[in-house]
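Notes for the one structure printed next.
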Amino acid sequence: MKTSWRSASLVATAAGVMVFATACGQDNTTTPSSAAQNVGATAPAGIGSITNPSASTGAANGYGADGSQASSSPAAVAPAGKLTIASNPDLGKVLTDGSGLTLYRFDADTANPPKSNCDGDCATTWPPVPADDATAGAGIDKSLLGEVTRSDGTKQLTVAGWPMYRYAKDVNAGDVNGQGVGGKWFATAPDGKKATLADLPGLSVRKDAKLGDIIVDKNGMTVYRFIKDKAWPKVVSNCTGDCLVKWPAVAEVASSDTKGIVKKGLMGFTRPDDGAKQQTVNCWPIYTFSGDTKAGDTNGQGVGGTWYAVSPEGKLVGAPSN
């Protein structure tokens, strides 16, 4: 197989009260009594603290394995076979090998020219996919397939120039346990880019295995509410300054660019701290969480007893009732 040199495009506060000119009706859940307590544990301005399970795995080296990168060569791995396209509810179309195992790409690698920077322990945790017998299945452009010579002389499969890997902790077909590990490893789309549901509406509904129906943004990231905020008689965000770094405000979304969200109270308001338009659902300001590194993460749920995912009606999901 000849080396493909195609490159792949990589696409990636002093005010405390926000007033919305038109008052929103209070058709929402009762704020839990815990709202009078801390704002996200001991962190300032309701930030809260949490450890991201995905990012913590091998966070020291970004490989998803314990220990440092060694110089030994990895053991032989299974052939790639005919590549296929799998559908993942959080990532959309994902490239898999002939056995249905997800193929990943590494941000520390390069595609133009193709180069792998994963050796030793890294290549044990992320076995390089051999290039020898790889073929393109239905829906995959065979011209994107190529190979790169690794430091040990073996030939590794590339897609649009990006070296391909499997993840040692993916056991079953369709597993995506390697997604977002170390903030450097991502499932691969059929065109060699990072897999993503880029065609999601601005706001939509995702069924979470533990939380049920919750709102997600255009990137599939979980949306949250802060119980210290207010929706009546005027919209008020009490997440400012450092809090907004940890809990970014969701920008205003056109009502027509939503799916499955109750329209009542679905509007934007202007934040006086930076003049930005923030989205509300049922008149409550909504946010994402910086600790969520990939679509489907809910690491912000319950942080500090003040942050919770949002239902399609704008209610708090899983918040205490007392």
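For the listed peptides 296-305, 86-95, a ranking on the average number of other beta carbons within 10 Å per residue, highest first, reads 296-305, 86-95. Annotation for residue 234 and residue 172: the two label points, set 7 Å from Cα along the Cα-Cβ direction, are 5.3 nm apart.
Accessible area ranking (1.4 Å probe, heavy atoms, ligands and nucleic acids excluded), largest first, for 185, 232: 232, 185.
For the residue pairs 155/193; 264/294; 228/264; 93/228, the alpha carbons lie more than 32 Å apart in 93/228. Taking 0.36 nm per residue of sequence separation and removing the Cα-Cα distance, the residue 256/residue 213 pair yields an extension gain of 13.5 nm. Based on alpha-carbon centroids, what's the gap between region 144-223 and region 259-320 in Å, whole number please? After rounding, the separation between the Cα centres reads 25 Å. Projected label points at residue 151 and residue 264, each 7 Å from Cα along the beta carbon direction, are separated by 6.2 nanometres.
The values are calculated or read from the model by the stated rules, or taken from the named source; none is laboratory data. Just so you know, these numbers come straight off a predicted model, no measurement behind them. Methodologically, a virtual Cβ is constructed for each residue, glycine included, from the backbone with ideal geometry; neighbour enumeration extends over all protein chains shown. The accessibility values were calculated without ligands, DNA or RNA, using every heavy atom of the protein model including side chains. Shrake-Rupley method; radii C 1.70, N 1.55, O 1.52, S 1.80 Å.
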